[in-house]
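Reviewing the structure listed below.
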Amino acid sequence: MKYLVRSVKYLAAFVVLYLAVVWISLATTKGYDVGVWDYVMATFATSKGKMLGVAVVLLAAAYPRMGFITRCVECDMQQEHDYILQKFAAAGFSLKHEGEGCMVFRANNIIDRLIMLFEDEIVVKQLEGQIEISGIRRGVARVIYRM
């Protein structure tokens, strides 16, 4: 279910981005009095427009698989607790809650959270001799780079 929700979020983001580009394009074009809806309908009436729509749907369906990763780092959560908090803070994340062998971080900034479509949660779990960091690719990569 989580995968489907993420796909729908990315599809909605693509649609909003497409409509914004169309609106800007039409607003800056002089001499044409065409509405955004008319432009979109004319685009999707062509075979290339239909292929664009299919490509966007396929990309939105595949993005959650490509956009979220899990990486392991040699570290002990209990011994290096402050080090982990420091590296996450440097990457722009703060501790949301902590449990037995698990830490959950969220982005500090509302703009970062919005850009990540509120999929900014990074989970850190203790494994044997290492920690497992799971979450959105951009956030995990920022933290791993600092560690």
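What the table shows:
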{"read-out": "Cα-based helix-to-principal-axis angle, 2-28 vs the chain, degrees rounded to 10", "value": "40"}
{"read-out": "Angle between the chain longest axis and helix 47-67 axis [Cα atoms, degrees, rounded to 10]", "value": "10"}
{"read-out": "Segment residue 123-residue 23, length gained on full extension (0.36 nm per residue, minus Cα span)", "value": "32.1 nm"}
{"read-out": "Structure-based [θ]222 nm, the chain - -39500 (n - 2.57) summed over DSSP H runs of at least 4, per residue, nearest 500", "value": "-18000 deg cm²/dmol"}
{"read-out": "At 1.567 mPa s and 4 °C, Stokes diffusion of segment 55-131 via Kirkwood alpha-carbon radius, µm² per second", "value": "93"}
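No lab work stands behind these numbers, since they all come straight from the coordinates. Keep in mind that what you see is a predicted model, and the values were worked out from it rather than measured.
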